[in-house]
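Chemist: Here it is: the structure, laid out below.
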Amino acid sequence: MGRAKKCCAVTAIFIAIVAIVFLVLGLTVFKPKNPEITVYPLGLEDIGFGLRGVLNMSAINASVPMVVAIRNRNYGSFKFKNTTGFINYRGNVVATVPIEQSLVPARGKLNISTVADFMVDRLILTSTFWADFSTGSVNLSSDATVHGKVTMFKVLKIHASVPSTCDISIFIKSLTVQSICKTEIKL
């Protein structure tokens, strides 16, 4: 009987230690971290604002190619579905950005090429646009929510959504853009 009690005690201690290790890892190393998202507009130098375009208001649209860079800091990969992002100017939607489904590898990076389709007439007909333009910068915001699955160790699959908001400043003189994005994983 002595050996059976010792064996049970050692087994119980071993299971307790393994449980504590998994708990500590789950609350520290494997705790979901928000991805880092950065938006890089390309070809901004090809966009011009002239009187000729303003006078022909029927439907002014402009497409701005961009790269959305995603850095996954988690130990699980994230596979997401097609979604659409929206770019807003003072609360009004002025552009849509399609984001195609993809997989962001665990602790990896992904660059997604896409195009923002601006409805320029909506933008420049806003009463405050030309005042902002004349000050040298136009401030926009964007929002998108990406839905998908997080896969850990190719076994554990959890549904997640990642809402993202960005504050975007377009500097007119230098034709440069600064974007600051915030994300938060929701499991």
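Chemist: For the range 93-136, what are the residues that are β-branched (Val, Ile, Thr) and either farther than 24 Å from LEU175 by Cβ or part of a strand (DSSP E or B) (or both)?
Modeler: VAL93, VAL94, THR96, VAL97, ILE99, VAL104, ILE112, THR114, VAL115
Chemist: Within the range 146-187, track down each residue that is closer than 30 Å to ALA131 by Cβ and hydrophobic (A, V, I, L, M, F, W, C).
Modeler: Across the range 146-187, the qualifying residues are CYS166, ILE168, ILE170, PHE171, ILE172, LEU175, VAL177, ILE180, CYS181.
Chemist: How many of the residues making up the range 158-181 are part of a strand (DSSP E or B) and either among the hydrophobic types (A, V, I, L, M, F, W, C) or loosely packed, with under 13 Cβ neighbours inside 10 Å (or both)?
Modeler: 12
Chemist: Same structure, new question: Looking only at the range 129-151, which residues are touching a residue at least 60 places away in the same chain (Cβ under 8 Å) and open to solvent by less than 30 Å² (accessible area, probe 1.4 Å)?
Modeler: Answer for the range 129-151, where residues must be touching a residue at least 60 places away in the same chain (Cβ under 8 Å) and open to solvent by less than 30 Å² (accessible area, probe 1.4 Å): SER142, ALA144, VAL146, GLY148, VAL150.
Chemist: Could you please give the count of residues in the range 137-181 that are within 14 Å of VAL68 (Cα to Cα), touching an Asp or Glu at 6+ places or on another chain (Cβ under 9 Å) and among the polar types (S, T, N, Q)?
Modeler: 5
Chemist: Kindly establish whether ASN111 is touching a helix residue (DSSP H, G or I) at 6+ places or on another chain (Cβ under 9 Å), open to solvent by 50 Å² or more (accessible area, probe 1.4 Å), modelled with pLDDT of 90 or more and over 15 Å from SER164 (Cα atoms).
Modeler: So ASN111 fails the test.
Chemist: Please state which of the following conditions THR135 fails to meet, knowing it meets all the rest: (1) touching a Lys or Arg at 6+ places or on another chain (Cβ under 7 Å); (2) at pLDDT 90 or above.
Modeler: Checking THR135 against (1) touching a Lys or Arg at 6+ places or on another chain (Cβ under 7 Å); (2) at pLDDT 90 or above, the one that fails is (1).
Chemist: If you take the residues in the range 94-105 that are open to solvent by less than 50 Å² (accessible area, probe 1.4 Å) and free of Cβ contacts under 8 Å to residues at least 60 places away in the same chain, which one is nearest to the chain's Cα centre (by Cα)?
Modeler: The extreme case among them is ILE99.
Chemist: Sticking with this structure for a sec: Can you report the number of residues in the range 82-92 which are assigned to a loop (DSSP other than H, G, I, E, B) and on the phi < 0 side of the Ramachandran plot?
Modeler: Result for the range 82-92: 1.
Chemist: Whether any residue in the range 19-28 is open to solvent by less than 50 Å² (accessible area, probe 1.4 Å), within 29 Å of the chain's Cα centre (by Cα) and modelled with pLDDT under 90 is what I want to check.
Modeler: Yes, because at least one residue in the range 19-28 is open to solvent by less than 50 Å² (accessible area, probe 1.4 Å), within 29 Å of the chain's Cα centre (by Cα) and modelled with pLDDT under 90.
Chemist: Checking VAL104 against (1) touching a Phe, Trp or Tyr at 6+ places or on another chain (Cβ under 7 Å); (2) closer than 21 Å to THR176 by Cβ, only one condition comes out false. Which one?
Modeler: Condition (2) is where VAL104 drops out.
Chemist: Conditions: (1) open to solvent by 50 Å² or more (accessible area, probe 1.4 Å); (2) modelled with pLDDT of 85 or more; (3) among the hydroxyl-bearing types (Ser, Thr, Tyr). THR126 meets all but one. Number of the miss?
Modeler: (1)
The values are calculated or read from the model by the stated rules, or taken from the named source; none is laboratory data. The structure presented is a predicted model; accordingly, all values stated were derived computationally and were not measured. FYI the Cβ positions are ideal-geometry reconstructions off the backbone, even for glycines, and counts take in every protein chain you see. In case anyone asks, the SASA skips ligands and DNA or RNA and just uses the protein heavy atoms, side chains included. Shrake-Rupley method; radii C 1.70, N 1.55, O 1.52, S 1.80 Å.
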